[in-house]
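Structure first, then comments.
Just so it is clear, none of the values below were taken in a lab; they were calculated from the coordinates. Keep in mind the model is a prediction, meaning the values are calculated, not measured. All Cβ positions, glycine included, derive from the backbone under ideal geometry; neighbour counts span all protein chains shown.
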Amino acid sequence: LQSPAEARFHSASASEAGCPRVLITGGLGQLGVGLASLLRKRFGKDNVILSDVKKPPSHVFYSGPFVYANVLDAQNLCEVVVNNRITWMLHYSAVLSAVGEANVPLARAVNITGLHNVLDVAKEYNLRLFIPSTIGAFGPTSPRNRTPDLSVQRPRTIYGVSKVHTELMGEYYNYRYGLDFRCLRYPGVISANSQPGGGTTDYAVQIFHDAVKSGKFECNLRPSTRLPMMYMDDCLRATLQFMEAPAESFSMRTYNVTAMSFTPEELAQEIAKHVPEFCITYRVDPARQAIADSWPTSLDDSLARRDWGWKHNFDLPELVTTMLNLHGCDTR
Ligand code: AKB
């Protein structure tokens with residue numbers, strides 16, 4: 001067992017030996033805890049600090065360092081970065097698409113003012129900065145099928161507008177100040193142990209909980225709504241791989257990444273192969289449907305595959321088997 005002084009010494013050596021000291025903001029959302037666990041396996045438990053403005057459940061608190069960090073408070077952010085000798089920041093605080101439309105001032109504050117604070121702190125302390133973008137950064141005038149990295153981006157949600165702003169500001173700080181800004185446009189991410197909060201693609205997570213619990217699911221999108229998706233493990237692996245890739249391999253700073261595209265109907269059919277009594281019904285939420293209808297049906301991520309070797313592991317059948325197994329449902 002290490003004493004606190006030894007632990008501090010070892011993490012100092014790790015950082016001096018080239019191991020990053022990582023801060024994850026918005027760490028209690030859908031991806032933060034899983035990301036911290038992956039990065040801790042790679043860089044050591046004490047080198048990865050999870051943060052949020054919420055109080056963590058005890059299993060999260062005791063699984064590694066956790067601090068309070070509010071991205072709307074620039075001074076608090078500086079203190080966290082300096083006191084913990086942070087070298088990489090992964091900025092996950094964000095208000096997602098559906099909730100953002102219900103509370104535009106909150107989304108504007110967290111997604112835009114928070115972003116400005118994060119960019120300034122990252123510039124000041126010379127951090128490597130990762131911020132996820134999204135398929136929501138595209139809009140109804142973007143090409144919808146195999147949407148390329150560079151195309152028209154005129155989103156119709158505050159979430160999308162703030163993410164286009166993120167991409168442009170990050171790229172500008174990279175060009176103007178040499179900030180090591182890295183950004184991936186995530187599709188809908190499907191996770192077993194954590195819930196998304198307020199997105200349009202959330203149905204693709206909830207459907208598994210309900211299939212296992214009750215054998216039925218009421219979907220808030222139309223059966224034919226095709227959206228790009230990715231299993232959580234692929235998403236986190238893509239993020240770590242991209243963060244570790246040499247900047248010289250990049251032809252740009254914001255890349256599409258994806259794994260598959262499916263509709264609610266196709267997902268339900270795949271689930272029914274394992275849960276034969278499974279039944280899906282539809283009660284469309286017009287606000288979410290309008291958002292989904294303005295987003296790509298599939299992404300072209302060939303440049304991520306070419307430049308830094310991105311490759312997904314999970315297609316629809318593997319996703320469904322894995323999710324049902326993790327929910328304790330025997331799959332045939
Ligand atoms: C959302 O649905 O808002 C998010 C996303 C695709 O960025 N999951």
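Just need the Rg to Rh number for segment 186-332, please, alpha carbons only, Kirkwood Rh.
1.00
For Cα pairs less than 8 Å apart in space and 6+ apart in sequence, what is the mean separation divided by the residue count of the chain, i.e. the relative contact order in percent?
Relative contact order for the chain comes out at 17 percent.
How many nm separate the modelled label positions at ASN325 and ARG222, each set 7 Å beyond the Cα in the direction of the Cβ?
Simple spin-label model gives 3.6 nm for this pair.
Among ASN325, LEU115, THR254, which residue has its Cα positioned farthest towards the positive end of the charge dipole of the chain, with +1 placed on the Cβ of Lys and Arg, -1 on the Cβ of Asp and Glu, and the dipole taken about the Cα centre?
My answer, from the dipole projection, is LEU115.
Helix 316-326 sits at what angle to the longest principal axis of the chain, using alpha carbons and giving 0 to 90 degrees rounded to 10?
With both axes taken from Cα atoms, the answer is about 70 degrees.
Give me ARG176, ARG144, ARG40 ranked fewest to most by other Cβ atoms within 10 Å of their Cβ, as a rough exposure proxy.
Ordered from fewest to most neighbouring Cβ atoms within 10 Å, ARG176, ARG144, ARG40 come out as ARG176, ARG144, ARG40.
Just want the ordering: PHE314, PHE208, from fewest to most Cβ atoms lying within 10 Å of their own Cβ.
Taking fewest neighbouring Cβ atoms as first place, the list is PHE314, PHE208.
What spacing in nm lies between the two simple spin-label points modelled at ASP315 and PHE61, each 7 Å away from Cα in the Cβ direction?
Taking the two extended label points, one gets 4.6 nm.
Note down, for segment 98-161, the three equivalent ellipsoid semi-axes (square root of 5 times each alpha carbon gyration tensor eigenvalue), biggest first, whole angstrom.
25, 18, 8
Pop the C-beta distance of ARG305 and LEU106 into the FRET formula with R0 = 30 Å and round what comes out to the nearest 0.05.
FRET efficiency, ARG305 to LEU106: 0.25.
Can you tell which of PHE130, PRO56, ASN145 lies farthest toward the positive end of the dipole of segment 30-181, using +1 and -1 charges on the Cβ of basic and acidic side chains (Lys, Arg; Asp, Glu)?
Final value for the positive-end residue is ASN145.
With a point put 7 Å past each Cα toward its Cβ, work out how far VAL82 is from ARG146 in nm, to one decimal.
Each label point is offset 7 Å from its Cα along the Cβ direction, giving 5.1 nm.
Determine the gain in length on full extension of the stretch HIS165-SER214; use 0.36 nm per residue of separation and subtract their C-alpha separation, reporting nm with one decimal.
On the way: separation 49, 0.36 × 49 = 17.64 nm, distance 4.14 nm.
The span from HIS165 to SER214 would gain 13.5 nm if fully extended.
Could you put LEU221, LEU236 in order, starting from the residue whose Cβ has the fewest other Cβ atoms within 10 Å?
LEU236, LEU221
In whole Hz, what ³J(HN,Hα) sequence does segment 63-71 give by Karplus (6.51, -1.76, 1.60; θ = phi - 60°), x for Gly and Pro?
8, x, x, 9, 10, 7, 9, 10, 5
Just to be sure I understand: of the beta bridges DSSP finds with both ends in the chain, what percent are antiparallel, rounded to 5? Before the final figure, lay out the partial values.
Values: 3 of 34 bridges.
Among the beta bridges of the chain, antiparallel pairing accounts for roughly 10 percent.
Please give the helix 203-213 orientation as an angle from the longest Cα principal axis of the chain, in degrees from 0 to 90, rounded to the nearest 10.
Between the helix axis and the principal axis of the chain, the angle is about 70 degrees.
Taking N as the number of residues in the chain, what is its alpha-carbon radius of gyration divided by 2.2 N^0.38 Å?
Values: Rg = 19.7 Å, N = 332, 2.2 N^0.38 = 20.0 Å.
Relative to the 2.2 N^0.38 Å estimate, the chain comes out at 0.99.
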